Structures are given as C-alpha cells and as structure tokens.
1. In nanometres, what is the gap between the two model label sites at residue 38 and residue 261, each 7 Å from Cα along Cα-to-Cβ?
2. Helix-only mean residue ellipticity at 222 nm, the chain, DSSP H runs n ≥ 4 weighted -39,500 (n - 2.57), per residue, nearest 500. What is it?
3. Which percent, nearest 5, of DSSP beta bridges in the chain are antiparallel?
4. Taking just the alpha-carbon atoms of the chain, what radius of gyration and Dmax come out, in angstrom?
5. Test of understanding: in a Gaussian network model of the chain with alpha carbons linked when under 10 Å, which of 254, 55, 12 would top the mean-square fluctuation ranking?
6. Return the whole-Å distance between the Cα centroid of region 144-189 and the Cα centroid of region 255-311.
7. How are the alpha carbon pair distances in region 165-297 distributed across 5 Å bins from zero to the largest one, expressed in percent?
C-alpha cells in the first residue's frame, strides 16, 4: 500500500494556502487559492478539488489554527525537579492573565530556554486557541471530506517547517501577512516568545490607498508587484510603507529587549523576514530602513512557511506512530 500524502493548510481570510509532503524531510509541493467570499466549508472543498487535480488524493490533513483565535503569553513556574505540577500552574496563570475560562481554550505549553542567572523558577510559553471556534473550523474541514488529524498553532508550525535554526543563537522572526504582523523569537529550536505585534497587516497599509482610488486593496497590491505600474502612486505608497515599517520594527525591538534582558550573553542572529508582505520591494526596503538590527528576507514560498510546517508535523506524527496512516 502506498504511503499517504500529508497536507498542511493555512486558511486565511483572503488566501487558502496548502503544502504537502510524503516524508517529513521531502521538498514540499505548494499551492495558493484566492478565497473570495467563500465560507470555511466551501474553501476547504475548493482546496480538496485543487489538490486532487495535482494528484493529491485522500491526504492526511493538518490545519493551522488562525492567528486571531490564538493568544500567547510567557508565565513563571517553579523550577524543574520539584513536586509542583508545572504545566497545571502554567495553564492556570495563562487563564488568569488573559481573563479566560479553562473550558473555553485548548492550550499548548512549551519550555522557555533557561538563563545562566540563578533563579528559583523557570518560564514557559503558553498558547491557547478558542476551543469552540476551533471545533467549528475542524468540522468544516471534515464535512468537506478531508481526513483531519492535526490542529497546529503558528509557532509550532514555524518550528516544524525547517526555516528555524536549531543552534544556541537567538533568532527573531517577523511574519508580515495580509491580516496582521507577528513576532517570534527562537533559540535551540524552541520558540520562547510569540506575539501579534502592533504593526498592521498589509491590508491596513493598502486600504487607505485603495479607498482614495475607489478600488480593492488587492488591486493596489497587484500594482505594487510591478515597479513600472506602481510609479503613479509611488510617494503615497512609500509613505504608507514607512509608517508600517516603523511600527513593525518597534515590535521586533521590543521582543529583542526582552531577550537581551533574559539572555544578555547570548549571540543574536539577523531578523528573518517572512510572510507575503515582504514579496513587495517597497515593504522590504521600508523595513530595512526602519530596522536598527540586521535583517534577512527569506525566499518567499507559494504557500506559507506555516503550511509547510503543519505538513511536516503531520508526516512526523505518522512516522512516530502518533497518527495512523
């Protein structure tokens, strides 16, 4: 019997992005579709048809939990080796800090790398997503005929994608997408900070320009991909990008300030710039100008790094026996 293909899906408000692999280390296949006004169930059905046209049939599917459903915070817990239930304490502190009830969230708890300083405790990164809305999303995928086996948050997906270094260098990431801008810090292959920044999404940058000209923001984006066509609105576009870049760079500086305080003697790598916004030259240039730190723009992918990570995570779960193929 042939091995089944593992698919990761990143269902955004504007685009449906998917990546697929058979083995966890395979080069991924990718696609993206415009979502339009489709419901979640309709979007999943369209994606299933598009995958079948590419020869991907009966895949095992993992979903990326949409960012607007996910909340993350770092909490203090007792040091390892004691009798205290560290994960129970971490989850309880997460609910307390964010004013949430345990029955409303599924949580994912991860270790934060220890510091060289003496401490009576440790820290953990806790992420939780809205259980009811997550179940509705999963139900829509299943109703469309997809064999859903995994739901993954963005920080875990990024770590599984292969784009995150596993050495002892602190590496910041900025993921600038259509809907929002997120910052993540990693070290030793572990995410120890993940937050949605104050920087706006690309739609918020393009919106005012689109409104002035009476067109959809997506039309302005298409113009921006062509340097010659973008010249007539170049000044307004440059100004909008500069304002966005100032906020986004400040988000990264805030994250780095936290890291420097916690890990003062650790080496730092360049900020890795990912996400669709960085496919636009003006966005890249504006961010590099606003940054007071080294930057490295990752090669854009047709889907998203998170979709690749979800696909690889499903493949690893199959290999380990956690998921039955």
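Taken together, the values in this text are just the output of simple stated rules run on the coordinates, not laboratory data. Computed from a predicted model, the values in this text were never measured in an experiment. Cβ: placed from backbone, ideal geometry, glycine included. Neighbour counts: every protein chain shown.
1. 4.5 nm
2. Details: 10 runs with 127 residues, N = 325.
Only helices count here, giving -12500 deg cm²/dmol.
3. 70 percent
4. Gyration radius and largest Cα-Cα distance of the chain: 20.3, 66 Å.
5. 55
6. One Cα centre to the other: 12 Å.
7. 2, 11, 21, 22, 16, 11, 7, 5, 3, 1, 0
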